[in-house]
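Student: My questions all concern the structure below.
The values are calculated or read from the model by the stated rules, or taken from the named source; none is laboratory data. Given the structure is predicted, the values throughout are model-derived calculations rather than measurements. Virtual Cβ from ideal backbone geometry, glycine too; neighbours counted across all protein chains shown.
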């Protein structure tokens, strides 16, 4: 029995050869992974002077948009584990960029606010972040950019249930043998 491409891949994805000679598969997951790597790299360059990483800046954006947002809500909105949100907030607070306050009677629930220093840094980073986003979208014309963003929003909103900490990660197995 021969092993043909159609035997190995019952529904082959169309692809083309990229500029570097590497095939580019027309499949959502690998393309969005590559786009995410591109975005991360370009945004990291934009934030380097501010000594921020993308998640720190993203947290500041959410807090600017919703002053007093709880760390739990931030975790859910960003799809980042609540413990990691706490660590990021703690680091930004130590730099004087964020202020956290206890929310009501629950000592564990904290509301988050940008300080003046944090708001100033956020505003200073906005032009670089805008330019970084434009750099990512540069291969598209104006109408394609709008259409792409509109479609991206629809895909994210339509699949919001999957935006959660740990989604898609391999389950940890117990190291104990029975």
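Student: I need a count of the residues in the stretch 60-115 that are free of Cβ contacts under 8 Å to residues at least 40 places away in the same chain and under 26 Å from residue 133 (Cβ atoms).
Tutor: Residues that pass the stated criteria total 16.
Student: Pairs only if they're at least six apart or on different chains, beta carbon under 6 angstrom, first in the stretch 25-45 and touching a residue at least 60 places away in the same chain (Cβ under 8 Å), second assigned to a helix (DSSP H, G or I) and surrounded by 13 or more Cβ atoms within 10 Å (Cβ to Cβ); list them, first residue then second.
Tutor: 39/136; 42/132; 42/135; 42/136; 43/54; 43/132
Student: May I ask you to say which residue of 111, 36 is touching a strand residue (DSSP E or B) at 6+ places or on another chain (Cβ under 9 Å), modelled with pLDDT under 95 and surrounded by 10 or more Cβ atoms within 10 Å (Cβ to Cβ)?
Tutor: The unique qualifying residue is 111.
Student: Yes or no: the stretch 39-47 includes at least one residue that is in contact with a strand residue (DSSP E or B) (Cβ under 7 Å, 6 or more places away or on another chain), surrounded by 13 or more Cβ atoms within 10 Å (Cβ to Cβ) and outside any loop (DSSP other than H, G, I, E, B).
Tutor: No; the residues of the stretch 39-47 include none that is in contact with a strand residue (DSSP E or B) (Cβ under 7 Å, 6 or more places away or on another chain), surrounded by 13 or more Cβ atoms within 10 Å (Cβ to Cβ) and outside any loop (DSSP other than H, G, I, E, B).
Student: Here are 135, 154, 120: which of them is within 23 Å of residue 43 (Cβ to Cβ), surrounded by fewer than 16 Cβ atoms within 10 Å (Cβ to Cβ) and in contact (Cβ under 8 Å) with a residue 60 or more places away in the chain?
Tutor: Every option except 135 fails the conditions.
Student: Within the stretch 19-28, identify whether any single residue is at pLDDT 90 or above and exposed (fewer than 13 other Cβ atoms within 10 Å of the Cβ), and answer yes or no.
Tutor: Taking every residue of the stretch 19-28 in turn, none turns out to be at pLDDT 90 or above and exposed (fewer than 13 other Cβ atoms within 10 Å of the Cβ).
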